[in-house]
Amino acid sequence: MTAAARCRHPARPGQTGAGSLPVLLLLLLGLLLFLLHSQQALIGRTRRVALEVRGASAHEAAEAGLAWAVAHLNHPGGLDGNGRAPSEADLSDPAAALALLPARERLLNWPTPAAPLPRHDNAALACVDGEHDWICRWATSLTVAATPPSPTGSALAPADGRPHAGWTLQLQAGPASGTLTLRVAACSHASDDCGTDPAGDDFVPEARRRVSTTLTLLADVAHLPDAALAAGGLVVLGSGSRVIQGEAGQTGASVESGAEIVQATGSSVQGLPGRPAGDSVQADIAALRNPAARWWHHFHATPDLLRSLPSLRHVACPEGGCTGAHLKAAVADGSRVLWVDGSLQLDGGRWGSAERPLLLIVDGATRLRGPVEADGWLITASLDWQADALDAARARWLGAISSWGEARLDGSLDLVHRPSTLARLRGAVGTWTVLPGSWRDHGP
C-alpha cells in the first residue's frame, strides 16, 4: 500500500456535547444538595440567634415598662398625651397645661381611703420604642385596651423600617388592701397582635414577654385634719375673720390649739348646726405641741422621710423666701404636692381647685396677703394671714390649715373645712414601691 493510500480514511462525525450537559447538571445539583446539607447547622443557628435577639428585645422592653411605670407613678409633674414630660411650649400654652395630669391621676382612683383602684379595666397605656425615648398613647376609654402607636406613623419615631419593641401597661387591684398589681406585656415588634403572622414557612415569630410585680404605697396621707385650723401655739382670730366647719358629718372642732385661742370682736367660729358653741373651739391640747407626733399621725412618716419622697415637688427659695411667682412656676406642669424649702408669701392669686387641691408644705413661716383663694391643705411652721377688710371679695381657703406654731388670722377672710376636697389628696403624696419578692415572669 502506498503512502497516499494509507493517508486516505473516512471523515469522523462532529462532537456536539449534548450528552454531557445532563451529567453536568446532575453534578451541580448534587453539589448544591451537599452544600445545603453542610450548612444546615449554620442556618438553624442563625435562626436561633434571631429568636434570641427578639426574645432579649421583648424581655428588655418588659423590664423598661415596669421601670417606666414605677418612675412615672412617683413623678409629681404631669404627662402629655404621648406619656412624656411637658415641653416649654406646653407649659407656656394654657390649654396644653390644663391637659397635663400626673400618671397616678390618669391611672388610679381612690373610692375609699385605703383602697386605690385602677381606672381602666384593660391596658391603660401602650408605648413603642422611639428614637430617643418611649412614644406612648393613653387608652381612650376605661374599658377598651390601649394599642401602641405605629413607629412609622409618628414624627417622633425613626422611619427606618426596622421593628421597634413595644409594651402595654395594666394596673389591677393587688393581693392585699392598699396594693396594686402592675402587669406589663411586651413584644419585639409593637403592634396590636405583637407581630404574629401564621402565613409563610420562613416567618420568624416576634417574641413576647409578660411580667408583673406588686406595688405598695409608702408614707401617704393616713389621717386628714379634723379641724379647719390646728395650731401648736397661740391662735389669734382678728376682726372679720371666719373659721367654718363646712360639711355635715364632721366631728372635730373648727379651731384647735396647743395654747390659747384669742377671738377679737367681729371674728366668727362656726361649728356644725346643733352642736354646742363651745365644741367649735378647743384650746390647750397637749398633743398639738408635738410636731413629730403630728407628722406621724397624718402621714405615718417622719418629716425627713416625707421630704425625701420623689413624689413631692420641691420649691427652692431665695434668701428672702418664696413668692407666688415661685409657686406658680412649680405648679405649671401639673404638680400639686409641693414642699417649699423656706418661707412663703402669697399676695392674692388662685391656687388649686376642688377637683385637684394642693398639699402645700412650708418649711418656714407662711404669710398670706390680699384676696387669696385656695383649695387644699397648708402645713406650715407658722401662719400670718391678713386680708384687707375693704376688699369686696373675701379671701378664702377651702380645706384645712395646720401650723406647728402660731396662727394669726385677721381681716375679710374665710377658712372653711372641706373634708371632701381634702379626700382628693389621698394617693397623691406617697411613693409607690415594689414589694420585695413580688416580681414574676409569666413567659410569652
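Laboratory data are not the source of any read-out in this text; all were calculated from the coordinates shown. If you're wondering where the values come from, they're calculated on a predicted model, not measured in any experiment. Quick reminder, even Gly has a Cβ in these numbers, built from the backbone with ideal geometry, and neighbours come from all protein chains shown.
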Rough spin-label spacing in nm, given labels placed 7 Å along Cα→Cβ, for T302 and A325
3.7
Label-point separation, L21 to A286 (7 Å along Cα→Cβ), nm
11.5
What do you get for chymotrypsin sites (Phe, Trp or Tyr not before Pro) in the stretch 317-393 restricted to DSSP loop and a cutoff of at most 11 other Cβ within 10 Å of the site's Cβ?
none
How far apart, in nm, are the 7 Å Cα→Cβ label points at V434 and R119?
2.6
What's the local net charge at L272, with K and R +1, D and E -1, over the other residues with C-beta under 9 Å away?
-1
Taking 0.36 nm per intervening residue step and subtracting the Cα-Cα distance, what contour gain separates E247 from H132 on full extension?
36.4 nm
Ascending count of other beta-carbon atoms within 10 Å, so fewest first, for T214, T433, T380, T265
T265, T433, T214, T380
Amide H of C317 versus every other amide H placed in the peptide plane: which residues, excluding those fewer than 5 positions away on the same chain, fall under 5 Å?
D341
Per-residue Cβ contact counts at 10 Å, fewest first, order C127, C317 as C317, C127
Once you charge only the Cβ atoms, +1 for Lys and Arg and -1 for Asp and Glu, what is the size of the charge dipole of the stretch 229-425 about its Cα centre, to the nearest 20 debye?
380
Most exposed to least, judged by fewest other Cβ atoms within 10 Å, T431, T140 sort to T140, T431
If you take the charge dipole of the stretch 229-425 about its Cα centre, with +1 on Lys and Arg Cβ and -1 on Asp and Glu Cβ, which of G238, L425, V281 is farthest toward its positive end?
L425
Using a ≥ b ≥ c from the Cα gyration tensor of the stretch 295-415 (square roots of the eigenvalues), is it rounded, prolate or oblate, where a/c under 1.5 gives rounded and otherwise the larger of a/b and b/c decides, a/b for prolate?
prolate
